[in-house]
1. Restricting attention to the range 63-121, and to residues there that are surrounded by 19 or more Cβ atoms within 10 Å (Cβ to Cβ) and of a type in the set (S, T, Y), which single residue is nearest to T152 (Cα to Cα)?
2. Tell me which residues, restricted to the range 272-293, are more than 22 Å from W171 (Cα to Cα) and exposed (fewer than 14 other Cβ atoms within 10 Å of the Cβ).
3. Name the residue that is nearest to the chain's Cα centre (by Cα), counting only residues in the range 126-158 that are surrounded by fewer than 20 Cβ atoms within 10 Å (Cβ to Cβ) and in a helix (DSSP H, G or I).
4. Out of the residues in the range 290-300 meeting the condition of being assigned to a loop (DSSP other than H, G, I, E, B) and not hydroxyl-bearing (S, T, Y), tell me which one is modelled with the highest pLDDT.
5. With respect to D305, is the statement that it is surrounded by fewer than 22 Cβ atoms within 10 Å (Cβ to Cβ) and acidic (D, E) true?
6. If only one of G287, G332 is touching a strand residue (DSSP E or B) at 6+ places or on another chain (Cβ under 9 Å), at pLDDT 90 or above and on the phi > 0 side of the Ramachandran plot, which one is it?
7. Pick from the range 41-91 the residues that are among the small types (G, A, S) and either modelled with pLDDT of 95 or more or in a strand (DSSP E or B) (or both): which of them is farthest from K239 (Cα to Cα)?
8. Got at least one residue in the range 180-189 being modelled with pLDDT of 80 or more and not assigned by TED's automatic domain parsing to the domain that holds L283?
Amino acid sequence: MNNQIPLDQVLHGDCLEILPHIPSGSVDLIFADPPYNLQLRRELWRTELSKVVGVDHEWDRFSSLSEYDEFTRKWLAECQRCLKDSGTIWVIGSYHNIFRIGSILQDLGYWILNDVIWIKHNPLPNLRGTRFCNAHETIIWAKKCDNDKKYTFHYQALKAGNEDRQMRSDWYFPICSGSERETRDGRTAHPTQKPEGVLRRIISASSNPGDVVMDPFCGTGTTAAVAKALNRRYITMDKEEAYVGLAEKRLAAVSPELMNEPLSILESRRPKVPFINIIESGLLLPGATLRLKSKQKVLAIIHGDATISALGHRGSIHKVGALCLGTPTCNGWINWYYTDEASGDEMLIDCLRSVRF
């Protein structure tokens with residue numbers, strides 16, 4: 001490989017061998033889901049006597065914590081070099097590895113911005129009954145270094161999509177399952193595939209259309225697939241040839257979405273589910289239209305950051321609804337209708353909150 005930026009490619013190889021060829025300062029955003037060093041020491045069985053398939057792959061095996069630390073230090077140092085001065089990195093992990101990763105990030109000079117807790121609606125149970133059920137994972141968000149460079153963060157857009165409330169650091173998403181889960185020969189293709197909703201929020205929050213998003217641990221290609229859908233460029237890699245093939249097939253089926261440009265500056269009773277979860281879960285898609293419940297026919301366009309626009313206004317479902325109706329307030333959930341694809345019926349968007357949440 002030469003030192004050209006390998007944009008929109010799934011590269012086959014070890015990240016420690018590929019990353020040194022990525023030009024310095026060429027990447028805007030990195031999401032990394034590294035090996036967790038998570039090895040089961042003995043077999044686990046469910047109550048109905050089916051065996052639990054744990055993470056026992058070669059790529060997740062390390063002989064010691066010091067070997068894992070050295071591996072982590074090397075790929076994080078290369079990622080830091082690849083990042084632009086204004087770039088940021090997100091790293092996800094469990095209690096097995098995230099604290100070691102956080103320490104190494106700080107040792108290398110990264111500046112930690114947030115730790116986000118992904119709380120799982122449907123976590124796997126603790127089958128031995130000897131510990132608490134592990135119902136969350138931690139995601140560290142950090143910028144390249146402690147400098148004055150402005151990094152990308154679409155605060156106002158996130159706030160609008162979150163019912164005009166600040167987006168918090170506790171994120172509720174189900175684990176990857178159903179049709180979203182990539183399979184191979186009828187079985188789960190990757191044991192730790194992440195839900196697209198988590199990546200959609202991360203990429204939308206901390207990058208812009210056209211930015212370069214890199215993932216040094218491709219897996220089934222979730223990061224690249226979401227980046228492509230959101231009109232970002234991507235670079236990703238994996239040492240397992242089978243995963244490279246799966247990711248390439250998955251990416252070939254992805255089409256860039258319309259109306260997903262982030263909005264950093266917006267016109268200025270949180271429900272149980274914010275509207276952004278509806279978009280991130282694919283229940284409504286960017287570019288779709290909503291109709292306002294009013295005598296005058298008012299249509300709104302949905303944007304990828306969960307804002308909507310109608311009659312020259314853009315903001316949350318509540319703010320735009322109020323501006324279009326000429327009222328001080330508006331509960332968007334019970335004033336905007338969408339068209340159900342299956343039945344063709346118009347339904348209040350409030351109905352979507354009971355679909356998956």
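The values are calculated or read from the model by the stated rules, or taken from the named source; none is laboratory data. On a predicted model such as this, the values are computed, not experimentally measured, just so you know. Here the Cβ is made from the backbone with ideal geometry for all residues, glycine too, and neighbour counts use every protein chain on show.
1. T88
2. Once the filter is applied, which keeps residues that are more than 22 Å from W171 (Cα to Cα) and exposed (fewer than 14 other Cβ atoms within 10 Å of the Cβ), the range 272-293 yields only G287.
3. Once the filter is applied, the top-ranked residue is Y155.
4. Here is the first cut: in the range 290-300, the ones assigned to a loop (DSSP other than H, G, I, E, B) are 293-298.
Retained after the next criterion (residues that are not hydroxyl-bearing (S, T, Y)): 293, 295-298.
Working: K293: 91, K295: 78, Q296: 85, K297: 90, V298: 95.
Selected residue: V298.
5. Details: surrounded by fewer than 22 Cβ atoms within 10 Å (Cβ to Cβ): no; acidic (D, E): yes.
Judged against the criteria, D305 is not a match.
6. None of the other options fit; the residue is G287.
7. Step one: list which residues in the range 41-91 are among the small types (G, A, S), which gives 50, 54, 63-64, 66, 77, 86-87.
Within this subset, residues satisfying the condition of being either modelled with pLDDT of 95 or more or in a strand (DSSP E or B) (or both) are 77, 86-87.
Details: A77: 19, S86: 29, G87: 25 Å.
Applying the filter and picking the extreme gives S86.
8. Taking the range 180-189 first, the residues modelled with pLDDT of 80 or more are none.
Checking the range 180-189: not a single residue is modelled with pLDDT of 80 or more and not assigned by TED's automatic domain parsing to the domain that holds L283.
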